[in-house]
């Protein structure tokens, strides 16, 4: 067969999967393998001008047809799309972007002047988990204008410092598919890894026979627990997760690894797994926290099934409730949910001649990988190098070891490079999910609606392993009081092991669950008092000098009231509007080490920035570039941010807790100001070889510190969302006002919020991760992810009020972007139909399973241009947006 791709002819004598042919044989990696199920659209190519998904085609089906990837675009098209997507801020993690571009090209070829609805329809087959689609649609609209000659293109913003809508430094590479993700990498003689998983959540492994697999043609290694040279267990907080389960042990969930295979082809590796014979006894799994805590329950871990307990107590909540005018008590339930990042987990490990190994990863913290892999391999840090490639999304789901350690073990065993990439189904089965929680909440207020007390009991199902469950539970407990002043609180949380898939970090880190409960009770109290939901929140909102529910005194940058004012008109002008507020910590805090670091080096007339802080879509390299430019006055073309690399970049901690813009941003500011001082009397040429280091450490108090006003976190972000329904129950608009401190790049902030809205709507209305006896039953197509045609109109209002000099006043926005959405949606439906819903996803809506969802289908995706500024007395408040 002759296959024509981008004007060139290629021969193959095998009728194979087209995506595999293009990526693995021709090394055309601009199309991405996002799901392999024809669902996500990341592998979209043009076949005779029509957008099609390569993973659903074979080479035989396309013989005689003309194929095109982004590599085959004309030079003008490449310039137009890369400029347009950068101009509007359409690129985040970038994994879906080349597929979006190919769908956009097909649309513009057949309809050069599409309407906004045409664009929504044109990219409906392409999923995005980062952006909320708004800016992608704007980018396609702008590209159409440029291709029609109605708009000049190719120019970038001149201003690049703080507050500028500066183009992302990686936008062009990601838009055109030139950015290299781990699974795009290829090495001569590279082997392919595969993992044998547990046949059921809880089994006793009795035997494991690998001889037939070892003898299979193409197989170069089969590893079991006996082949691990170092510590077999790993984990962020507790080392309770086995790298491989040993004979004589019980598995704890269906994702547990029993054996590893390395072979010369993917097919051989998969076939070898089938030849591994093992005997086991299937045991009854423990599937709920209630069952796990019952007397006589099977012990999932040696220390028992209760992983941790969190207590937060201030004042006398029970006495305060007894004197309250109004008290409400409700039970709330939230489900497990899947991160659905567009790039499945992948790692490439290369051994070196000194007995060490380099591991290329795509996750949220190279130093976390380093510590875990060194322990497993029994090697010192100087023998293990971790290098990050581009990361196709994370949202917390790429904090744990998944493939990195297995690839490293296979590479050291075989002495050859080994790449291990999970299929989408395997990815969904293996990595931790959002914690399902059961929340009992009692809230009281006086006759005027001022909150008096809160009593909460939270139970979190942390699944098979601890991951970050203890910290997630802690954050759920400390945030269940919301951004409100409450003098008396009594909060208890339980984190419980089960045989379900592990639960760990997920955007919001326990707060989306607790905010759903907190805001629900606020609505009930407002009704009892006889005031609006907006007024209830206004009367209790925190402000500078007041104490939050853990006793920390709010600083001058607290702007929850400003976010409420920003959305008041939108809420009060619609009969079916719901409202919800939120706060979210910036930084790990609670007394733990929390440090951002960077090193700037002058070389060849340029400044190179070295930090291990991972970009998982939020645009950290761009933020670092803008901070350096602001501090030094250097043009951004003279600044280059290197990828995280444990041999080159200092440890800046994990990309988690909405921390990197503040922590590594402040470290960058410090280092850049040192450089600026030297630039006052020397040129860059004269500073050749100079190095400037920056470090910022957030000093905080432990939870329940023995002091009246502990500082549990260095900063908090605040937000208020309004969700508007039409009379049929469709979400027609979301208005999100966010206190981000200072917007270093406003379009990037808007993009984070828009993506958070999409994720929050999914959490509220459709997303589910069902389990049958502890086994996931969902496919990527059935997760309920929002597509472009599902999205309503969004309006993002950026509130800037923060006199702190740290990182020029910036605070986190990554997590809080999704937190207030679900409770605002629930509030809106109660105003529509009077039903108080206490579990997610919400039932009885047009989005409920079994009912066709047309929500947002007729709404134009649009964003109000930034520009309006509202100034007040210091500290300055700036509202960007409508």
Item checked: Pair residue 316, residue 382: separation of 7 Å Cα→Cβ label points (nm) -> 6.3
Next item on the list: Take every DSSP beta bridge whose two residues both sit in the chain, then give the antiparallel share in percent to the nearest 5.
Entry: 75
Next item on the list: Could you order peptides 209-222, 467-480 by the average number of other Cβ atoms within 10 Å of their residues, highest first?
Entry: 467-480, 209-222
Next item on the list: Restricting things to alpha carbons, find the Rg to Rh ratio for region 351-405 using the Kirkwood radius for Rh.
Entry: 0.97
Item checked: Where Rh is the Kirkwood radius over Cα pairs, Rg/Rh for the chain -> 0.95
Next item on the list: Return the distance in nm (one decimal) between the two label points of a simple spin-label model at residue 4 and residue 543, each offset 7 Å from Cα along Cα→Cβ.
Entry: 7.0
Next item on the list: Rounded to the nearest 0.05, what FRET efficiency do residue 772 and residue 283 give with R0 = 22 Å and r taken as the Cβ-Cβ distance? Could you check?
Entry: 0.85
Note to self: Taking each pair of distinct Cα atoms in region 536-633 once, what is the resulting Kirkwood hydrodynamic radius in Å?
What the structure shows: 17.8
Check: Of the peptides 244-256, 697-709, 369-381, how do they stack up when ordered by the mean number of other Cβ atoms within 10 Å, highest first?
Finding: 244-256, 369-381, 697-709
Margin query: Please compute the contact order of the chain in relative form: average sequence separation of alpha-carbon pairs under 8 Å and at least six residues apart, divided by the residue count, as a percent.
Written below: 13
Next item on the list: Sort 813-822, 415-424, 68-77 for me by packing, meaning the mean count of neighbouring Cβ atoms within 10 Å per residue, highest on top.
Entry: 813-822, 415-424, 68-77
Note to self: Antiparallel versus total DSSP beta bridges in region 568-687: what percent is that, nearest 5?
What the structure shows: 60
Check: How much FRET efficiency would the formula 1/(1 + (r/R0)^6) give for residue 573 and residue 833, where r is the Cβ-Cβ distance and R0 is 25 Å, rounded to 0.05?
Finding: 0.80
Item checked: Cα-based equivalent ellipsoid, region 515-575: semi-axes from gyration tensor eigenvalues, Å -> 22, 16, 9
Item checked: Largest to smallest principal axis extent of the C-alpha atoms in region 720-847, angstrom -> 51, 37, 27
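How much length is gained if the chain between residue 270 and residue 673 is pulled fully straight, taking 0.36 nm per residue apart and subtracting their Cα-Cα distance, in nm to one decimal?
139.7 nm
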Notebook entry, point to check: At what distance in angstrom do the alpha carbon centres of region 721-760 and region 1-67 lie from each other?
Noted result: 37
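Evaluate the Kirkwood expression for the hydrodynamic radius of region 24-153, namely the inverse of the mean inverse distance over all pairs of different C-alpha atoms, and round to one decimal in Å.
14.7
Find the Rg to Rh ratio for region 595-697, where Rh is the Kirkwood radius over alpha-carbon pairs and Rg uses the same atoms.
0.95
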Check: How much length is gained if the chain between residue 686 and residue 648 is pulled fully straight, taking 0.36 nm per residue apart and subtracting their Cα-Cα distance, in nm to one decimal?
Finding: 11.3 nm
Notebook entry, point to check: Label points 7 Å out from Cα along the Cβ direction at residue 702 and residue 14: separation in nm?
Noted result: 5.8
Notebook entry, point to check: How high is the FRET efficiency between residue 215 and residue 298 when r is their beta carbon distance and R₀ equals 45 Å, given to the nearest 0.05?
Noted result: 0.75
Notebook entry, point to check: How do 497, 718, 692, 829 rank when sorted from fewest to most other Cβ atoms within 10 Å of their own Cβ?
Noted result: 692, 829, 497, 718
Next item on the list: Using just the helices of the chain, give the 222 nm mean residue ellipticity in deg cm²/dmol: DSSP H runs with n ≥ 4 each add -39,500 (n - 2.57), and the total is spread over all residues, rounded to 500.
Entry: -8000 deg cm²/dmol
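Throughout, read-outs are computed from the coordinates displayed, never taken from laboratory work. Predicted model, so just to flag it, every value in this text is computed and none were measured. Cβ coordinates were reconstructed from backbone atoms using ideal geometry, including for glycine residues, and neighbour counts include every protein chain displayed.
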